[in-house]
1. Which one is nearest to the chain's Cα centre (by Cα), of the residues in segment 269-294 that are away from the ligand (no atom under 16 Å from the Cβ) and in a helix (DSSP H, G or I)?
2. Would you point out the residue of segment 93-103, among those that are buried (at least 16 other Cβ atoms within 10 Å of the Cβ) and under 31 Å from the mean Cα position of the chain (by Cα), that is nearest to R148 (Cα to Cα)?
3. Of everything in segment 222-236 that's buried (at least 16 other Cβ atoms within 10 Å of the Cβ) and not aromatic (F, W, Y), which residue is farthest from F172 (Cα to Cα)?
4. Anything in segment 155-173 that is in contact with a Phe, Trp or Tyr (Cβ under 6 Å, 6 or more places away or on another chain), more than 14 Å from H303 (Cβ to Cβ) and either in a strand (DSSP E or B) or within 15 Å of the ligand (Cβ to nearest atom) (or both)? List them, or say none.
5. What do you reckon, is Y323 closer than 26 Å to T38 by Cα, away from the ligand (no atom under 16 Å from the Cβ) and among the aromatic types (F, W, Y)?
6. Take D108 and decide whether it is within 16 Å of the ligand (Cβ to nearest atom), outside any loop (DSSP other than H, G, I, E, B) and closer than 30 Å to K127 by Cα.
7. Mind checking which residues of segment 310-340 are under 14 Å from the mean Cα position of the chain (by Cα) and open to solvent by 10 Å² or more (accessible area, probe 1.4 Å)?
8. Here are some residues: D245, D266. Which one is touching a Phe, Trp or Tyr at 6+ places or on another chain (Cβ under 7 Å), within 15 Å of the ligand (Cβ to nearest atom) and either open to solvent by 30 Å² or more (accessible area, probe 1.4 Å) or charged (D, E, K, R) (or both)?
Amino acid sequence: MVPMESTGATTMEKIVSLAKRRGFVFPGSEIYGGLRGTWDLGPLGVALNNNIKREWWKMFVLDREDMYGLDAAILMNEKVWEASGHTGAGFSDPVVECMKCNHRFRADHLENTETCPDCGGTLGDAKDFNLMFETKVGAEGTAKSYLRPETAQGIFVNFKNVVDSMSPKIPFGIAQIGKAFRNEIAPREFLFRVREFEQMEIEYFVKEVEWEDHFEKLRSDIQTWHRHLGLSDGNVREYEVPENDLAHYSKRTIDFEYNYPGKGFDELAGFAYRTDHDLKNHQQHSGVSMEYIEPDGSRFIPHVLEPSFGVGRALTAVLCEAYREDEMGGETRTYLKLPAHLAPYRVAVSPLLKNRPPLVEKAREVFTMLKKEFGNVAWDDNGNVGKRYRRQDEIGTPHCIVIDFETLGEEQPGLKDTVTVRDRDTGEQQRVQINELINYLK
Ligand code: ATP
């Protein structure tokens, strides 16, 4: 086997290539030449993505008493985006075009705004470019709408509905996971900057005087979440956005950044104190009161803290963190050291030989038992056992179980009803009783 280093590929290129080869992430519309800024999740990618979303929902919604879930429509009344400021200059990026090769760039991402980084030609003046995708609603197409560029506004416009239906006690949060769309000028770097992505967002409503307390609590919850994703502390850092860079409505913003290989630290998630800006604006534009009424009758517009996560950036960080190469049995091997709660498959089961019915039958029994317990269990009888291990290593399956002649009691009667359990990270193998397997894996 040729060591991967000799191909000269960067770690990120290797991850993108593994992601495609093993069914995690495919370029969008690939057979038609693709569509820039779009990616499709394959069978393993959707499993990993769902695991990330499920763990997030569990941590931030199910395990807490102060959070309420929501799933708002992607298409919203155009007035929502006027109230939020997204139709104006507030949601535009400055774009410059090369007069020679016509390539476009984000002016704020260029070091030199006069010379084209691709061909050396002269760049034109920067123009504002709104990132929202516009669409028309209905057969007459008279109503304008947009594909939402963030899930947050769906939460604000339902603030009153949630308060009226659930009677939450302040402080409380509303959480939502869903798609968002931005017509990014220069989509790049795998899932990092795309035109269609998923967000996991919370609007946490508090009394103004308590915002700092709750900011610190949520900040620590976000740190816990990043550890739960398996991201090491050294690869995640907090960037305190300086006052002169804050959005006009924000009094404090922290960007949580991940150390992407070859790219360095860049945004993974955002956390902002947005004052009462959003609810106040919606009250003004809709004419509907956004006040919260206390049991004693006092009323006020709550202030809001917004933790905002991109699922794709989390998935990228998880893959980057997990990607490993080492030497095993004299060969270079690639594996994903994914946490068990995120791995697409919790465990893989195989019969030593697929043409021996007693082995297959026993393996099927073990497979069915584990599938009932964990759900995401792989059946793998392709190729020889060594090849199966390599394949499962590459997709991050924490354990492989092999049913052999000893399991059937044909070699050593003492080993009857035991199986081989191989550990992904160390390659070590142990004999475990079948009726002990579930506990062992847990
Ligand atoms: P950036 O500065 O990188 O453009 P942003 O500050 O505009 O990001 P927010 O509006 O705060 O991002 O969105 C919240 C989160 O949504 C981000 O932290 C990121 O995880 C995710 N996100 C935003 N834009 C994109 C995109 N184009 N592709 C993938 N994820 C995105």
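The values are calculated or read from the model by the stated rules, or taken from the named source; none is laboratory data. Because the structure is predicted, anything quoted here is derived from the model rather than measured. Reconstructed Cβ throughout: ideal geometry from the backbone, glycine too, with neighbour counts over all protein chains shown. Heavy atoms of the whole protein, side chains included, go into the accessibility calculation; ligands, DNA and RNA do not. Shrake-Rupley method; radii C 1.70, N 1.55, O 1.52, S 1.80 Å.
1. My answer is L279.
2. Filtering first and then ranking leaves D93.
3. From segment 222-236, those buried (at least 16 other Cβ atoms within 10 Å of the Cβ) are 222, 225-226, 228-231, 235-236; that's our starting set.
Cutting the leftovers down to not aromatic (F, W, Y) gives us 222, 226, 228-231, 235-236.
Values: I222: 16, H226: 22, H228: 23, L229: 24, G230: 27, L231: 28, N235: 30, V236: 27 Å.
Taking the candidates together, the pick is N235.
4. none
5. Yes: the conditions hold for Y323.
6. yes
7. Listed by number, the residues that qualify are G310, G312, R313, C320, E321.
8. On the way: D245 fails: touching a Phe, Trp or Tyr at 6+ places or on another chain (Cβ under 7 Å).
Answer to the check: D266.
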